[in-house]
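**Student:** Okay, here's the structure, questions in a sec.
The values are calculated or read from the model by the stated rules, or taken from the named source; none is laboratory data. The model shown is predicted, which means the values in this text are computed figures rather than measured ones. Note that we place each Cβ from the backbone using ideal geometry, even for glycine, and neighbour counts take in every protein chain shown.
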Amino acid sequence: MHYITKKHLSRRTLLMGAGVALSLPFLESMLPAAVHSTPMKRTRLGFYYVPHGAVMDKWMPATDGVNFAMSPTLKSLEPYRDRLTVVSDMCLPLAYTEDASAAANHSSSCATYLSGAAMHKNENKLGMTVDQAAVRQIGQDTPLPSLELGIEGSSSTCGEGWSCAYRDSMSWWDEHTPLPLERNPQVVFERLFGDGKDSNARAASRKQAASILDGVVDQASSLQKNLPASDRQRLDQYLTDVREVERRVALADQQAESSLALPPTPVGIPSEFEDHIKMMFDLQVLAWQTEMTRISTLMLAVENSNAIYPKSGVREAFHPLSHHSNIQANKDKLAQLNAYHVSMFAYLLERMRATPDGDGTLLDNSMLLWGSGMADSNVHNHDPIPLVIAGGGSGAIKGNRHIRTGLGRKTPASNLLLAMLQKANVHVDKFGDSTGTVDI
């Protein structure tokens, strides 16, 4: 049992220098004197959306309960089994609208995924999403109530009478207010660690300084002298992580500026999908580690995405491939792409498992939902949708389970969203079209 007997650091201690302010990760020295080192746990929430469903017979585990047989699509998540809960037989009843067109079903897949609410034709109206329900109770004491992130640009077409907001934002503050996604890692980095100047001033500052950390290194060195060994190691690793993410952001900045033969690209967005999403994941980890925010969403791609992922081994564009016409060879390629996307999620889980947080890891103290609002993309249906939760929920989630609700179309995914809110100490009795909760 370890006790801190000396003067403790404030939980909001900052490293200041040259207009830069860095929040510190949790350190044992932040505990009051003579208080046991186990901190009050604050669960982080992450929500991830992948369009175009999944090949469900390759996604769903063949066995239920504890120690389930890992499915081919989820195989890359095997190392995190103890923090994994696969939830099957969930659906989005309100994603079926009076308009049965493909365009409407694509829009409703995204819109209903985190809201459990129906779209409205010819108006911009949906409902509060689960992340913003959490923000209202557990996101008001952090510098950023939430982060809304994305990878691709805005949708080009959205279907007659349907607002593009249904596809271009997975987070809604209320029924009339979709929140914009930030796709530029540079902007996210500056939001977390910037100096508050306008974008032009920050750009000039970057060119004058070797690193955003240069202004705080001396203070960090002074602080480390008075910390116990475990805190010194944790702070050193955090500063190393910030510097590495900054290096990659700067490299993307340089690449964007030098790609003169390409169409105009927002500065700081990597050209390769893998670099882009890993950078976004790393920024989320830093934001959660320092409690700049506890709530984040990320959209992997937009509906009707024609993105190609060469490193997946599949050369076909995402959306056309999702219309597999029940040809097994096409379904196998789509399943291969599904597994590749899941492997990106595995990267995030590894980063979180390697990040200390209190007496555990960041993965122990998080709940992350990965999934889609569509099931079989070939017919645009919404049941049963692919969903998996990673993280221990600060001890609230058992893990290593495949849960079958067994009710098919009668089990709205909002039941799972409500369960996640309650596990995160968000006190609500109903969310969206929920009819109960799921025992996760």
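**Student:** Looking for whichever is more than 30 Å from N304 (Cβ to Cβ) and assigned by TED's automatic domain parsing to the domain that holds M128 here; the options are G432, G395. Which one fits?
**Tutor:** Of G432, G395, the one residue that is more than 30 Å from N304 (Cβ to Cβ) and assigned by TED's automatic domain parsing to the domain that holds M128 is G395.
**Student:** State yes or no: is A201 at pLDDT below 75, of a type in the set (A, V, I, L, M, F, W, C) and either in the same structural domain as P145 (by TED's automatic domain parsing) or in a helix (DSSP H, G or I) (or both)?
**Tutor:** yes
**Student:** List pairs: first in the stretch 330-349 and without any contact (Cβ under 8 Å) to a residue 60 or more places away in the chain, second of a type in the set (F, W, Y), Cβ under 8 Å, 6+ apart or cross-chain?
**Tutor:** Hits for this filter: L337/Y309; L337/F318; Y340/Y309.
Conditions (1) among the basic types (K, R); (2) at pLDDT 95 or above; (3) farther than 19 Å from L416 by Cα; (4) surrounded by 22 or more Cβ atoms within 10 Å (Cβ to Cβ), marked per residue:
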{"position": "P72", "(1), (2), (3), (4)": "no, yes, yes, no"}
{"position": "P79", "(1), (2), (3), (4)": "no, yes, yes, no"}
{"position": "L84", "(1), (2), (3), (4)": "no, yes, no, yes"}
{"position": "A100", "(1), (2), (3), (4)": "no, no, yes, no"}
{"position": "A103", "(1), (2), (3), (4)": "no, no, yes, no"}
{"position": "C110", "(1), (2), (3), (4)": "no, yes, no, yes"}
{"position": "G116", "(1), (2), (3), (4)": "no, yes, no, yes"}
{"position": "M119", "(1), (2), (3), (4)": "no, yes, yes, yes"}
{"position": "M128", "(1), (2), (3), (4)": "no, yes, no, no"}
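**Student:** Same structure again: Among the residues of the stretch 320-362, write down those that are closer than 14 Å to N378 by Cα, crowded, with 17+ Cβ neighbours inside 10 Å and among the charged types (D, E, K, R).
**Tutor:** Correct list: K331, K333.
**Student:** Going residue by residue through the stretch 300-319, is there one that turns out to be touching a residue at least 40 places away in the same chain (Cβ under 8 Å), surrounded by fewer than 20 Cβ atoms within 10 Å (Cβ to Cβ) and under 14 Å from N378 (Cα atoms)?
**Tutor:** Scanning the stretch 300-319 turns up at least one residue that is touching a residue at least 40 places away in the same chain (Cβ under 8 Å), surrounded by fewer than 20 Cβ atoms within 10 Å (Cβ to Cβ) and under 14 Å from N378 (Cα atoms).
**Student:** Continuing with the same structure: Tally the residues that are in contact (Cβ under 8 Å) with a residue 60 or more places away in the chain and either out of contact with any helix residue (DSSP H, G or I) (no Cβ under 6 Å at 6 or more places or on another chain) or part of a loop (DSSP other than H, G, I, E, B) (or both), restricting the search to the stretch 422-440.
**Tutor:** 11
**Student:** Exactly one of (1) modelled with pLDDT of 95 or more; (2) under 27 Å from T361 (Cα atoms) is unmet by R42. Its number?
**Tutor:** (1)
**Student:** Mind listing whichever residues of the stretch 300-337 are within 22 Å of the chain's Cα centre (by Cα) and either of a type in the set (A, V, I, L, M, F, W, C) or under 13 Å from K58 (Cβ atoms) (or both)?
**Tutor:** L300, A301, V302, A307, I308, F318, A335, Q336, L337
**Student:** Which members of the stretch 389-403 meet the condition of being within 16 Å of E350 (Cα to Cα) and either basic (K, R) or in a strand (DSSP E or B) (or both)?
**Tutor:** Once the filter is applied, which keeps residues that are within 16 Å of E350 (Cα to Cα) and either basic (K, R) or in a strand (DSSP E or B) (or both), the stretch 389-403 yields I389, A390.
**Student:** If a residue has to be polar (S, T, N, Q) and modelled with pLDDT under 65 to count, how many in the stretch 224-280 make the cut?
**Tutor:** Residues that pass the stated criteria total 5.
**Student:** Inside the stretch 349-375, can you point out the residues that are at pLDDT below 95 and of a type in the set (D, E, K, R)?
**Tutor:** D357, D359
**Student:** For the stretch 157-197: of the residues being part of a loop (DSSP other than H, G, I, E, B), within 16 Å of K121 (Cα to Cα) and not charged (D, E, K, R), which is modelled with the lowest pLDDT?
**Tutor:** Of everything passing the filter in the stretch 157-197, T157 is modelled with the lowest pLDDT.
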